[in-house]
Amino acid sequence: MTKFIVTAALSAFCACAYAQTDSIGIYKVDNAGISRVEAARPAQTKISAGLKSKAKVAFNGAFSQNRFRGSATFRLYFGTPSPYEAAKYFMFTPSYSVKDFIVGKFEVKKENRYITTASASIVGSKIGVSTAKDVNVEYRQLRDNVYEITVTGPAGEYCIMPVLNGTSGYAGVFDFALE
């Protein structure tokens, strides 16, 4: 019985030693250093009707606070979140990877930014967010569960978003702007 308890305790200790919990999420890398990017949460969903209908997720604010000149660099850290942050950082658990994220481009109107998540017309329909056109995204693995993403493209409002299981922006996006 003592061997079982010691073995279980050592196994739990080893699992904790290898499970990254402090830096899970997306961090921007710029001249000021490395800092966490918090997810922008959707404010509402707008649905237009007619011959060509669209569903758009709206985010408050016309501009992101995360601004870059020319290119944007981010680090994505995957690991096991604490139980208190599991819902907030589910997309960074070891079940997912950098392949479950895309870069999307916002459509800016007045004081809001929009991502189109569904469209339908007489000839067909499309569900899901499209990858931003005219951007170049380079992925680099720095070590296990840590990736660096560099995005270059024309000036505009963009976001990194999880597209796993059809969430497409509804789970929040990590916004940034290229100038």
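The values are calculated or read from the model by the stated rules, or taken from the named source; none is laboratory data. All values reported here derive from a predicted model rather than from experimental measurement. Counting neighbours? That spans all protein chains shown, and the Cβs are built from the backbone with ideal geometry, glycine included. SASA here: full protein model, heavy atoms, side chains in, ligands and nucleic acids out. Shrake-Rupley method; radii C 1.70, N 1.55, O 1.52, S 1.80 Å.
The rows are residues; the columns are (1) within 21 Å of LYS52 (Cα to Cα); (2) among the basic types (Lys, Arg); (3) surrounded by 16 or more Cβ atoms within 10 Å (Cβ to Cβ).
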residue: PRO83; (1), (2), (3): no, no, no
residue: MET91; (1), (2), (3): no, no, yes
residue: SER121; (1), (2), (3): yes, no, no
residue: GLY124; (1), (2), (3): yes, no, no
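A quick yes/no check of all residues on (1) more than 17 Å from the chain's Cα centre (by Cα); (2) within 30 Å of ASN31 (Cβ to Cβ):
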{"position": "GLN65", "(1), (2)": "no, yes"}
{"position": "ALA87", "(1), (2)": "no, no"}
{"position": "PHE101", "(1), (2)": "no, yes"}
{"position": "GLY124", "(1), (2)": "yes, no"}
{"position": "LYS133", "(1), (2)": "yes, yes"}
{"position": "ARG140", "(1), (2)": "no, yes"}
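Would you check if there is a residue in segment 2-11 being modelled with pLDDT of 90 or more, loosely packed, with under 11 Cβ neighbours inside 10 Å and farther than 17 Å from TYR147 by Cα?
Within segment 2-11 (the criterion being modelled with pLDDT of 90 or more, loosely packed, with under 11 Cβ neighbours inside 10 Å and farther than 17 Å from TYR147 by Cα), the answer is no, since none of the residues qualifies.
Quick check on segment 147-157. Is at least one of its residues under 20 Å from VAL108 (Cα atoms), open to solvent by 40 Å² or more (accessible area, probe 1.4 Å), polar (S, T, N, Q) and in contact (Cβ under 8 Å) with a residue 40 or more places away in the chain?
The answer is yes, given that some residue of segment 147-157 is under 20 Å from VAL108 (Cα atoms), open to solvent by 40 Å² or more (accessible area, probe 1.4 Å), polar (S, T, N, Q) and in contact (Cβ under 8 Å) with a residue 40 or more places away in the chain.
Any idea which residue in segment 154-178 is farthest from ARG41 (Cα to Cα), counting only those that are at pLDDT 95 or above and not in a strand (DSSP E or B)?
PRO154
Do you know which of the residues in segment 44-84 that are assigned to a loop (DSSP other than H, G, I, E, B) and touching a Phe, Trp or Tyr at 6+ places or on another chain (Cβ under 6 Å) is nearest to ASN112 (Cα to Cα)?
Out of the qualifying residues, it is SER64.
Test PHE106 against the stated conditions and say whether it is touching a residue at least 24 places away in the same chain (Cβ under 8 Å), in contact with a Lys or Arg (Cβ under 8 Å, 6 or more places away or on another chain), farther than 18 Å from GLY25 by Cα and not small (Gly, Ala, Ser).
yes
Quick one: count up the residues across segment 93-102 that are open to solvent by less than 60 Å² (accessible area, probe 1.4 Å) and either modelled with pLDDT of 95 or more or among the charged types (D, E, K, R) (or both).
So the count comes out to 1.
Looking at (1) touching a Ser or Thr at 6+ places or on another chain (Cβ under 6 Å); (2) at pLDDT below 90; (3) assigned to a strand (DSSP E or B), find the lone condition where SER119 falls short.
Only one criterion in (1) touching a Ser or Thr at 6+ places or on another chain (Cβ under 6 Å); (2) at pLDDT below 90; (3) assigned to a strand (DSSP E or B) is unmet by SER119, namely (1).
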